[in-house]
Amino acid sequence: RQDVHLVDDQIVIDLYVIIEYGTRISEVAHNIMSAVKFRVEKALGTSVAQVNVHVQGLRVSQED
């Protein structure tokens, strides 16, 4: 899920994600923030003030 807001004419994006168990949560969140910021700025031609990643849970994969 995601929410996009304009705050004082600046774009703020909130992303709600579930991350795979065993991954480095802070690294994954940082990579998501960077990728979303870059792609949105490139697509819209305007800067993004914030990208907030909210980790809502962990997913455990079933091994066969």
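The values are calculated or read from the model by the stated rules, or taken from the named source; none is laboratory data. Just so you know, these numbers come straight off a predicted model, no measurement behind them. Neighbour counts run over all protein chains shown; Cβ positions are idealised from the backbone, glycine included. The protein model used for the area step is the full one, side chains on, heavy atoms only, and it has no ligands, DNA or RNA in it. Shrake-Rupley method; radii C 1.70, N 1.55, O 1.52, S 1.80 Å.
Tell me the GluC sites (Glu not before Pro) within the chain that lie in a loop according to DSSP and have at most 13 other beta-carbon atoms within 10 Å.
Filter output for the chain: 63.
Could you sort 32, 11 by accessible area so the largest value comes first, with the probe set to 1.4 Å?
Largest accessible area first, the residues go 32, 11.
May I ask you to evaluate 6.51 cos²θ - 1.76 cosθ + 1.60, the Karplus curve with θ = phi - 60°, for each residue of region 52-63 and list the ³J(HN,Hα) values in order in whole Hz, giving x for glycine and proline?
Running phi through 6.51 cos²θ - 1.76 cosθ + 1.60 with θ = phi - 60° gives 9, 9, 10, 7, 9, x, 10, 10, 10, 6, 7, 8 Hz.
Here are some values of Rg and Dmax of the Cα atoms in Å: [x] 13.8, 50; [y] 14.7, 52; [z] 12.1, 36. Which one was computed from this structure?
[x]
Let me check something: with ligands and nucleic acids excluded, how do 48, 4, 36 order by accessible area (1.4 Å probe), largest to smallest?
4, 36, 48
To the nearest 10 degrees, how steep is helix 25-44 against the longest Cα principal axis of the chain, on a 0 to 90 scale?
Long axis of 25-44 versus the principal axis of the chain: about 30 degrees.
Could you tell me which chymotrypsin sites (Phe, Trp or Tyr not before Pro) in the chain are loop residues by DSSP with no more than 13 other beta carbons within 10 angstrom of their beta carbon?
21
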